[in-house]
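The values are calculated or read from the model by the stated rules, or taken from the named source; none is laboratory data. Remember, predicted model here, so these are calculated numbers, not experimental data. Here the Cβ positions follow ideal geometry from the backbone for every residue, glycine too, while neighbour counts run over all protein chains shown.
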Amino acid sequence: MNLLALQQMKAQGEKIAVLTSYDASFAALSDKAGVEVLLVGDSLGMTIQGHSSTLPVSLRDMEYHTRCVANGAKNAFIVTDMPFGSYQKTPEQAFENAALLMAAGAQMVKIEGGAIMLDTVRFLVERGIPVCGHLGLTPQSVHQLGGYRVQAKDEATARRLLEDAKALAQAGSGMLVLEMVPAALAAAVSQAVHIPVIGIGAGKYCDGQVLVVQDMLGIYAGKSPRFVRNFMQGAANIEQAITDYVAAVKAQTFPAVEHSFE
């Protein structure tokens with residue numbers, strides 16, 4: 001799997017299945033089950049390390065877990081989150097840190113933010129580092145946003161998000177994650193940009209879906225968000241649960257209305 005193949009999937013209307021991954025064993029299992037993209041998410045700060053947010057995660061943490069995932073995956077495309085503080089200062093800082101993640105096995109890095117990150121996106125892409133944008137609920141800004149809440153619910157903020165998405169695509173972003181935004185807005189964004197749009201709590205009309213693997217297996221101790229479905233229910237084992245998740249994304253039976261926001 002590569003970025004061109006993912007873009008072709010969008011063009012052909014085939015949904016993209018994405019899961020977070022933090023180690024070689026789950027990477028290999030997800031790969032075997034047909035997951036096209038493995039996201040080495042800074043969500044590991046909560047699911048693996050037990051923090052209340054993603055903010056304490058370090059660049060060294062992300063480099064280590066990226067290397068683990070790359071050792072287990074054979075076919076899936078690997079995207080790694082750049083952790084808080086590793087890219088916001090200058091484009092040069094972002095490049096230096098992104099290069100470490102690429103050397104560890106990432107094939108793309110993900111950064112949060114809209115218009116303010118355009119120069120950084122251009123700087124990275126021009127130097128050979130593919131970038132995935134992230135709009136809507138941006139977990140690294142959780143304190144500024146006032147918690148984990150649905151974003152872009154009014155006309156002005158929805159319009160701004162749509163313009164940010166277009167600008168990120170024009171700046172060279174190869175993919176975009178939309179988190180916790182109204183389904184209708186996510187549909188509009190997916191139609192407006194040429195790059196794959198991956199939703200989490202953003203409705204069924206995105207080009208693909210992503211979940212935190214612990215959430216979709218029902219093994220995370222925290223409260224499950226509304227957009228999560230426990231695929232272990234009715235599954236004989238973890239591999240079947242992940243296979244069922246991929247199938248549900250492809251068939252557009254997940255997410256359903258109850259997993260989306262208006």
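If I go through the range 48-67 residue by residue, how many of them are surrounded by 20 or more Cβ atoms within 10 Å (Cβ to Cβ), closer than 22 Å to PRO225 by Cα and either within 16 Å of the chain's Cα centre (by Cα) or not aliphatic (A, V, I, L, M) (or both)?
1
Which one of GLY199, GLY203, GLY172 is surrounded by fewer than 21 Cβ atoms within 10 Å (Cβ to Cβ), under 18 Å from the mean Cα position of the chain (by Cα) and not aliphatic (A, V, I, L, M)?
Being surrounded by fewer than 21 Cβ atoms within 10 Å (Cβ to Cβ), under 18 Å from the mean Cα position of the chain (by Cα) and not aliphatic (A, V, I, L, M) holds for just one of GLY199, GLY203, GLY172, which is GLY172.
Does the range 68-90 contain any residue that is closer than 18 Å to TYR22 by Cα, buried (at least 21 other Cβ atoms within 10 Å of the Cβ) and of a type in the set (Ser, Thr, Tyr)?
Yes.
With the checklist (1) in contact with a His (Cβ under 7 Å, 6 or more places away or on another chain); (2) at pLDDT below 95; (3) of a type outside the set (Asp, Glu) in hand, flag the one item SER260 doesn't pass.
Among (1) in contact with a His (Cβ under 7 Å, 6 or more places away or on another chain); (2) at pLDDT below 95; (3) of a type outside the set (Asp, Glu), SER260 violates only (1).
Go through (1) over 17 Å from MET46 (Cβ atoms); (2) buried (at least 21 other Cβ atoms within 10 Å of the Cβ); (3) of a type outside the set (D, E, K, R) for LEU211 and report which single condition fails.
Going through (1) over 17 Å from MET46 (Cβ atoms); (2) buried (at least 21 other Cβ atoms within 10 Å of the Cβ); (3) of a type outside the set (D, E, K, R) one by one, LEU211 breaks only (1).
Can you tell me which residue within the range 172-194, out of those that are β-branched (Val, Ile, Thr) and free of Cβ contacts under 8 Å to residues at least 60 places away in the same chain, is farthest from LEU3 (Cα to Cα)?
That would be VAL189.
So, of the residues in the range 131-149 that are modelled with pLDDT of 90 or more and assigned to a loop (DSSP other than H, G, I, E, B), which turns out to be nearest to VAL181 (Cα to Cα)?
Among those that are modelled with pLDDT of 90 or more and assigned to a loop (DSSP other than H, G, I, E, B), it is LEU137.
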